[in-house]
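Below: one structure, written as structure tokens.
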Amino acid sequence: MDTIELKTALNNYFQSLKRLQDIGVTTNKKDFTSQIGEWLIEKIYNGQRAESGIQKYWDIETEFGKIQVKTHSKSKTTKARWSAIKYDIDSNVDFVVIIVFSEDYKLNEYYKIPWKNCLNLIRRNKDRDVLMWDHLKDFKIEIEQLPNQEVISIFSN
């Protein structure tokens with residue numbers, strides 16, 4: 001192992017994390033994938049992130065309602081196609097957005113589901129409630145149809 005190369009790579013990584021926090025993309029150094037998804041939704045819908053990182057039920061407030069964001073970064077070999085969801089029937093949320101990135105953060109899939117439709121689509125999977133992506137075909141939005149394509153292009157192939 002080349003310790004100098006490793007040290008350089010780690011320092012570059014830590015500096016990048018710090019810079020993303022400084023420019024407002026992330027709010028801390030934990031759970032990068034969730035934070036990048038929330039930032040993306042905030043930007044493409046001109047919304048506002050919840051002040052608390054543990055806001056119950058919703059993550060982004062927009063002019064058309066509150067959005068709960070579920071973000072995934074999946075390798076090509078991952079077969080799991082679902083998002084865990086914690087909810088209350090009377091949750092203060094209007095939409096659930098599911099973002100599926102590749103393992104190198106290229107935007108692959110995007111779903112926007114009205115909350116009232118989610119309630120009929122949530123299934124119990126072992127010890128958690130989930131939304132199965134294969135059941136969300138009616139709510140899939142093609143990447144090129146998303147608003148603010150300038151921001152979307154950051155995550156283009």
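The values are calculated or read from the model by the stated rules, or taken from the named source; none is laboratory data. These numbers come from a predicted model, not from an experiment. Ideal geometry is used to build each Cβ from the backbone, glycine not excepted, and the neighbour counts take in all protein chains shown. Just the protein is used for accessible areas: all its heavy atoms, side chains included, with ligands, DNA and RNA removed. Shrake-Rupley method; radii C 1.70, N 1.55, O 1.52, S 1.80 Å.
Tabulated values for the structure
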| read-out | value |
| --- | --- |
| Considering residues of the stretch 138-151 that are without any contact (Cβ under 8 Å) to a residue 40 or more places away in the chain and more than 10 Å from Lys112 (Cα to Cα) only, the residue least open to solvent (accessible area, probe 1.4 Å) | Ile143 |
| Single residue of the stretch 1-31 satisfying the filter (open to solvent by 70 Å² or more (accessible area, probe 1.4 Å) and in contact (Cβ under 8 Å) with a residue 12 or more places away in the chain) that is farthest from Ile67 (Cα to Cα) | Lys29 |
| Residue check, Val130 free of Cβ contacts under 8 Å to residues at least 40 places away in the same chain and open to solvent by less than 60 Å² (accessible area, probe 1.4 Å) | no |
| Residue check, Asp94 open to solvent by 60 Å² or more (accessible area, probe 1.4 Å), touching a residue at least 12 places away in the same chain (Cβ under 8 Å) and of a type in the set (Asp, Glu) | yes |
| The stretch 32-57, subset within 21 Å of Tyr105 (Cα to Cα) and among the small types (Gly, Ala, Ser), residue most open to solvent (accessible area, probe 1.4 Å) | Ser34 |
| Any hit, the stretch 109-127, residues being open to solvent by less than 50 Å² (accessible area, probe 1.4 Å), at pLDDT 95 or above and of a type in the set (Asp, Glu) | yes |
| Meets criteria (touching a residue at least 40 places away in the same chain (Cβ under 8 Å) and either in contact with a helix residue (DSSP H, G or I) (Cβ under 8 Å, 6 or more places away or on another chain) or open to solvent by 80 Å² or more (accessible area, probe 1.4 Å) (or both)) for Phe155 | yes |
| Residues of the stretch 107-155 classified as out of contact with any Leu (no Cβ under 6 Å at 6 or more places or on another chain), among the aliphatic types (A, V, I, L, M) and closer than 19 Å to Lys43 by Cβ, total | 5 |
